[in-house]
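The values are calculated or read from the model by the stated rules, or taken from the named source; none is laboratory data. Remember, it's a predicted structure, so these values are computed and weren't measured experimentally. Positions of Cβ are generated from backbone atoms using ideal geometry, with glycine treated the same way; all protein chains shown enter the neighbour counts. Calculation scope for accessible area: heavy atoms of the full protein, side chains included, ligands and nucleic acids excluded. Shrake-Rupley method; radii C 1.70, N 1.55, O 1.52, S 1.80 Å.
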Amino acid sequence: MNRKLLGLVPFLIFIFLCVFLYQGLFGNPRELQTGRLGHTMPEFSLPDLMDSDKIWTADSLKGEVYLMNVWGTWCPTCIAELGYLTELRERGVKIIGLYYEQAYDPDFGDQFDINALRQDVNNMLSRAGNPYQFNILDLERTLALDLGVSGAPETFLVDKQGKILLHHTGDINERVWRTKFAAIYQELTQ
């Protein structure tokens, strides 16, 4: 009897691996979702990228529907989406940038030059378009981690009460806006 059970173990492991690999092979990586969907924005207190004296919190963002776009100047896809995001801003969509600095790692005691970063961001936004009302600097990635961000760009649709309603991994373009965001955004802003 024990030999029959032991013979079944490799077969069960094989089945488990097949199911696991099948999901990974045919899953859509853009469908990654934050565990925060339907929950309010996590608590945070982070500086404005361009004015370190200005501090943003989850409460200070309540009252308006907005997109929070995680981005960085090091990210080619982020740069590519700036033009379309700027069009959305011109149509009245409020977009807040969550600047994700990839080169800085606080665990290694890296030196950080905020003035060089500000200059880099200003140069990029003047060339590619500036869709942002403002940018929050998440240098130690605390908010990004709390949101479940896996990279950039990622965009969150947040309602007036601060509840996260939608999370998109990848660039926002006309097709993505039309199929994923537009109807919900219009309903929230009516």
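Which residue pairs have Cβ atoms under 6 Å apart, sit 6 or more places apart or on different chains, and have a first residue in segment 90-108 that is farther than 25 Å from Trp177 by Cα and a second that is surrounded by 12 or more Cβ atoms within 10 Å (Cβ to Cβ) and among the small types (Gly, Ala, Ser)? Short answer, once both residue conditions are applied: Gln102/Gly72. For segment 38-55, the set of residues classified as open to solvent by less than 60 Å² (accessible area, probe 1.4 Å) and modelled with pLDDT under 95 consists of Gly38 only.
Just one of (1) open to solvent by 10 Å² or more (accessible area, probe 1.4 Å); (2) on the phi < 0 side of the Ramachandran plot; (3) touching a helix residue (DSSP H, G or I) at 6+ places or on another chain (Cβ under 7 Å) fails for Arg89. It is (3). Inspect segment 98-117 for any residue being part of a strand (DSSP E or B) and in contact with a Pro (Cβ under 7 Å, 6 or more places away or on another chain) and give the result as yes or no. The answer is no; no qualifying residue exists.
Let's see how each residue does on (1) surrounded by 13 or more Cβ atoms within 10 Å (Cβ to Cβ); (2) touching a residue at least 40 places away in the same chain (Cβ under 8 Å); (3) touching a strand residue (DSSP E or B) at 6+ places or on another chain (Cβ under 8 Å):
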| site | (1), (2), (3) |
| --- | --- |
| Thr57 | yes, no, yes |
| Ser60 | no, no, no |
| Tyr66 | yes, yes, yes |
| Asn69 | yes, yes, yes |
| Gly72 | yes, yes, yes |
| Asp146 | yes, yes, no |
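Working only within segment 103-142, note down all residues that are open to solvent by 60 Å² or more (accessible area, probe 1.4 Å) and either touching a strand residue (DSSP E or B) at 6+ places or on another chain (Cβ under 6 Å) or within 17 Å of Thr155 (Cα to Cα) (or both). Matches in segment 103-142: Asn130, Gln133, Thr142. With respect to Pro76, determine if the residue is modelled with pLDDT of 95 or more, open to solvent by 30 Å² or more (accessible area, probe 1.4 Å) and either under 17 Å from Pro153 (Cα atoms) or within 16 Å of the chain's Cα centre (by Cα) (or both). Yes.
Being polar (S, T, N, Q), touching a Leu at 6+ places or on another chain (Cβ under 8 Å) and open to solvent by less than 10 Å² (accessible area, probe 1.4 Å) is true of Thr155. Pairing each residue of segment 115-136 that is free of Cβ contacts under 8 Å to residues at least 60 places away in the same chain with any residue that is assigned to a helix (DSSP H, G or I) and surrounded by fewer than 16 Cβ atoms within 10 Å (Cβ to Cβ), provided the two are 6+ apart or on different chains, yields C-beta distances under 6 Å for Gly129/Gly83. In the set (1) β-branched (Val, Ile, Thr); (2) touching a residue at least 12 places away in the same chain (Cβ under 8 Å); (3) surrounded by 14 or more Cβ atoms within 10 Å (Cβ to Cβ), Thr189 fails one condition alone, (3).
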